[in-house]
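Engineer: Supplied in C-alpha cells, the structure appears directly below.
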Amino acid sequence: MIGSLRSWVVHPFLLAMYPILALFAQNAREVRAVELGALLGWAVSGSLAAWLLLALLLRDARKAGLVVSLGVVLFFTLGWVVAISEPAIDYLDTFWVGNLHGALDPRWVVLVEALLLGWFAFRVLPRFQDLSGLTAFLNLFAILVIAIPIVQAATIKAPAVGRPPRRPVPFALGTPPPRSSLPDIYYIILDGYARTDVMKALFDFDNSAFLERLERKGFYIARRSTANYCQTPLCLSASLNGVYLDDLVKGLGPDQTQLTDLIGQNNVLATLRPLGYRFVSFSTGFDPTEHPEADRYLSPYPFSTGFQRMVLDTTPLRILWPNPDQFDQFTQGRQRILYLLDHLPDVARDPAPTFTLAHLLCPHLPFLFGENGEDVAIRHQAYVLGDRDKNPEGHFRDPDRFRRAYRSQSAYITKRIEQTLDRLLAASPEPPIIILQSDHGSELGLHVVDVNRTDHKERMSILNAYYFPGRRYQGLYDRISPVNSFRVVLNTFFGAHLELLPDRSYYSSWPEPYKFHDVTALVRSPDAG
C-alpha cells in the first residue's frame, strides 16, 4: 500500500473532487446527488489533462502532480479569496481619502496566481529531486480529505436510499368540459408576499387599492388566507398535490430534494395531462421550482442548477467568461423575474390548454428592485436565496433596513404583477383560471430553528386571489388555504367531488423540515404577532 502511494499520482484528481464534494455535503439537504456526476467528471478531466501536459513539459509525473494540486487549490479558492479580501478593502476605505471599493479586480488575482504557479513549476520545483515521500503524503491526505464530505453527505442521504419513487396520483374527475373549452390555468406565486394586514402593520405598505382593483377585474380575494407550511418547497408540494405532506415525506430524513419531484410531478398535473394540458414552467433560479423537463420551459438563460452556479462562483470561470454578467447572480435574478413578467401573457397564444407554474422570487430576499424597478442589489455580499434568519451576517439583519427594502420591492412587484395580469387577461382568447398566491408570508419575525420565537401570524398570512371564468366562486371562502385551492378548481370546473381539507398551518425548522408543529391557533389568534 505504501509503495503504491509513493509511485502513483492520484492526489491532483482527488483534490479536484474535494471542493465539489465539500460544497455538496454542506448543501446535501437541498442538492440531488445526481448533480455530482457531470461536475466531478469535469473536475477530474480538467486536472488529468493539465497533469498529462505538465508531465510532458517537466518530464516528471510527480512534479507535474504537485503543480496540478497547487493549481487546483488556487482554482477553487479564488472566489473565497475575493470574498474575504473585499470586506477588508472596504474597511481600509474608511481610512483612505479616495474610494477603494471595487479596487480588487479578480482578473488581477487570476494573473498573479498564474504567474506564481508558473514560477513554482519552472523555477522552484526543478531543484527538488525525489518527491516520492511527498507524493505518498499528499495521496494519503487527499484520500482522508475527500472521505469527510462523503461521510457527511451519506448521513443525510442515507434515510431516503431505497425509498421507492413516488408516483403522482390523479384525482377522480366527473365529466370535464370539452377539450375545445378547457381553460388555461395559471398558478402564480409571489414568494414571501405578506397579507395586506401584515403589510400595513409591519411594513407601512398599504396594498388595499391593488386588491380592490383586482376585485373590480373579477378576482375573488381570500382576505384571511394562511399558508399551510412555512418553507417554499413544503408549501408548493402541498398545494400542487392537494394534500398535507405527512405521508409523502415519510422516510426522507432531512433530505428535501425529493420535494422537487413533488412540485414538478404533482397530483394536479397528473389529473390534467390526460385531458390534453401542457405543462409550462419558467426559470426561477431556485431548484425546487426549476423544471426544464416541462413541455415548455421559458428562460432568459441556458438551464443550470443552483449548485452548478455555486461551484462556478468559487472558480475563475465566472470572471474570465467573455460576458461576466452572465454569471452575476444578482443580474440573473433580476432578469428572470422581468422575463417572467414580460412573457407570461405569451403563454395564452398556445393552442393547447396549458397549466403554467410561475414562481417569482419576489418580494423575497435577495432585494433586487427599488420601488421603481431600479437595481438595488448589494453585490459585495453573497447572493443568498435563504431567509433573513439564515444569513446572520447579512446587511438585512437590521430590521429597519429589511423593512425599507421589503416595502420597496413589494411596491414594485405589486405594480408589475397587476400590469402582467391585465396583459394576460387581454391576451387570453377564453377566460383563464388564475391563482395569484403567496407561498408563505414575510420573514421579519421568522426564526428558522425556533418555533417559539417565530411570529407565525406574519409568516403564515398570505395573499390569495382567484380569477375563475364566469365568477364561479361558490366553492371559495375567506380562510381557504393553498392545500384546498386546486381541490376547488377541480370541483368547480372538472366535475370532481373532492372533500375540502381542514385549513391548518404547520411550522417546521430548517434543520428538521418534516417535524411539523401545528401553529394554526397561534396564526388565528387576535393577539398573535
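Engineer: Taking helices (runs of 4 or more DSSP H) that fall entirely within the range 219-292, which contain at least 3 residues that are of a type outside the set (A, V, I, L, M, F, W, C)? Explain how you work it out, then say what you get.
Structural biologist: Values: elements: 232-241, 259-264, 267-272.
The qualifying helices (runs of 4 or more DSSP H) are 232-241, 259-264.
Engineer: What number of residues within the range 517-529 satisfy the criterion of being in a loop (DSSP other than H, G, I, E, B) and out of contact with any Asp or Glu (no Cβ under 7 Å at 6 or more places or on another chain)?
Structural biologist: Of the range 517-529, the ones in a loop (DSSP other than H, G, I, E, B) are 519, 525-529.
Checking which are out of contact with any Asp or Glu (no Cβ under 7 Å at 6 or more places or on another chain) leaves us with 519, 525-528.
Residues in the range 517-529 being in a loop (DSSP other than H, G, I, E, B) and out of contact with any Asp or Glu (no Cβ under 7 Å at 6 or more places or on another chain): 5 in total.
Engineer: Right, here's the next one. Going residue by residue through the range 186-198, is there one that turns out to be surrounded by fewer than 17 Cβ atoms within 10 Å (Cβ to Cβ) and not in a loop (DSSP other than H, G, I, E, B)?
Structural biologist: Yes, the range 186-198 contains a residue that is surrounded by fewer than 17 Cβ atoms within 10 Å (Cβ to Cβ) and not in a loop (DSSP other than H, G, I, E, B).
Engineer: Restricting the search to the range 249-268, which residues are farther than 20 Å from Ala33 by Cα and surrounded by fewer than 22 Cβ atoms within 10 Å (Cβ to Cβ)?
Structural biologist: Of everything in the range 249-268, just one residue is farther than 20 Å from Ala33 by Cα and surrounded by fewer than 22 Cβ atoms within 10 Å (Cβ to Cβ), namely Asn267.
Engineer: Pick from the range 415-439 the residues that are among the polar types (S, T, N, Q) and part of a helix (DSSP H, G or I): which of them is surrounded by the most Cβ atoms within 10 Å (Cβ to Cβ)?
Structural biologist: Of the range 415-439, the ones among the polar types (S, T, N, Q) are 419-420, 428, 437-438.
Next, only the ones that are part of a helix (DSSP H, G or I) stay: 419-420.
Values: Gln419: 12, Thr420: 21.
The extreme case among them is Thr420.
Engineer: Would it be correct to say that Leu490 is under 15 Å from Ala227 (Cα atoms) and within 30 Å of the chain's Cα centre (by Cα)? Give the derivation first.
Structural biologist: Working: under 15 Å from Ala227 (Cα atoms): no; within 30 Å of the chain's Cα centre (by Cα): yes.
Answer is no for this residue.
Listed here are the residues, each with its yes/no results for (1) of a type in the set (Ser, Thr, Tyr); (2) part of a loop (DSSP other than H, G, I, E, B); (3) crowded, with 21+ Cβ neighbours inside 10 Å; (4) in contact with a Gly (Cβ under 6 Å, 6 or more places away or on another chain).
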site: Ser442; (1), (2), (3), (4): yes, yes, yes, yes
site: Val449; (1), (2), (3), (4): no, yes, no, no
site: Leu476; (1), (2), (3), (4): no, yes, no, no
site: Val488; (1), (2), (3), (4): no, no, yes, yes
site: Asn491; (1), (2), (3), (4): no, no, no, yes
site: Ala496; (1), (2), (3), (4): no, yes, no, no
site: Pro502; (1), (2), (3), (4): no, yes, no, no
site: Pro513; (1), (2), (3), (4): no, yes, yes, no
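Engineer: Please enumerate the residues belonging to the range 245-255 that are closer than 20 Å to Val449 by Cβ, modelled with pLDDT under 90 and not small (Gly, Ala, Ser). Outline the logic, then answer.
Structural biologist: Quick first cut of the range 245-255, residues closer than 20 Å to Val449 by Cβ only: 245, 249, 252-255.
Within this subset, residues satisfying the condition of being modelled with pLDDT under 90 are 252-255.
Within the range 245-255, Leu252, Pro254, Asp255 qualify.
Engineer: In the list Asp197, Asp206, Asp191, which residue meets the criterion of being under 23 Å from Leu236 (Cβ atoms) and either in the same structural domain as Thr289 (by TED's automatic domain parsing) or not polar (S, T, N, Q) (or both)?
Structural biologist: Values: Asp197 fails: under 23 Å from Leu236 (Cβ atoms); Asp206 fails: under 23 Å from Leu236 (Cβ atoms).
None of the other options fit; the residue is Asp191.
The values are calculated or read from the model by the stated rules, or taken from the named source; none is laboratory data. As the structure is a computational prediction, the values presented were derived from the model and not from experiment. Please note: Cβ atoms are built from the backbone with ideal geometry, for glycine as well, and neighbour counts cover all protein chains shown.
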